[in-house]
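K.L.:
Below is the structure I would like to discuss, written out as structure tokens.
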Amino acid sequence: MNLSPKATRFIIEALDYRISAYQERLNVEELDEDEASDITNDAAFLEALRTELAQTLEKVVRPMMPTVRPSMPDGFVQEPNIFS
């Protein structure tokens, strides 16, 4: 699957929200051992997905970072199109 940087950022934000909800549930609710274990495992899996997506996004966006072009006036920065 080839996701745009915008889609990847959106998914990362959704993962952050879900991970936060899991953490809050673990801190607030009294859960039995099995349910707490399931939530902990799910949160760890989502963290791994989030890390992988963030690394992928970094690889895609970094080459698109603004660069100074020699033919442009001093200090002129070429902005990338990160919404493609």
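K.L.:
Modelling each spin label as a point 7 Å along the Cα-to-Cβ direction, I'd like the Lys59/Leu31 distance in nm, to one decimal.
P.N.:
3.2
K.L.:
What list do you get for Arg62, Arg18 if you sort them by fewest beta carbons within 10 Å? Mind dumping the intermediate values first?
P.N.:
Details: Arg62 8, Arg18 14.
The fewest-first ordering by Cβ neighbours comes to Arg62, Arg18.
K.L.:
So for the pair Glu52, Glu13, with labels modelled 7 Å out along Cα→Cβ, what separation do we get in nm?
P.N.:
With each label point 7 Å from Cα toward Cβ, the separation is 2.3 nm.
K.L.:
Which length gain, in nm to one decimal place, applies between Thr40 and Lys6 when the Cα-Cα distance is subtracted from 0.36 nm times their residue separation?
P.N.:
Numbers: separation 34, 0.36 × 34 = 12.24 nm, distance 2.83 nm.
Full-extension gain reported as 9.4 nm.
Bear in mind that the values in this text are calculations on the coordinates, not laboratory data. These figures come from a predicted structure and were not determined experimentally. Positions of Cβ are backbone-derived with ideal geometry, glycine not excepted, and every protein chain shown enters the neighbour counts.
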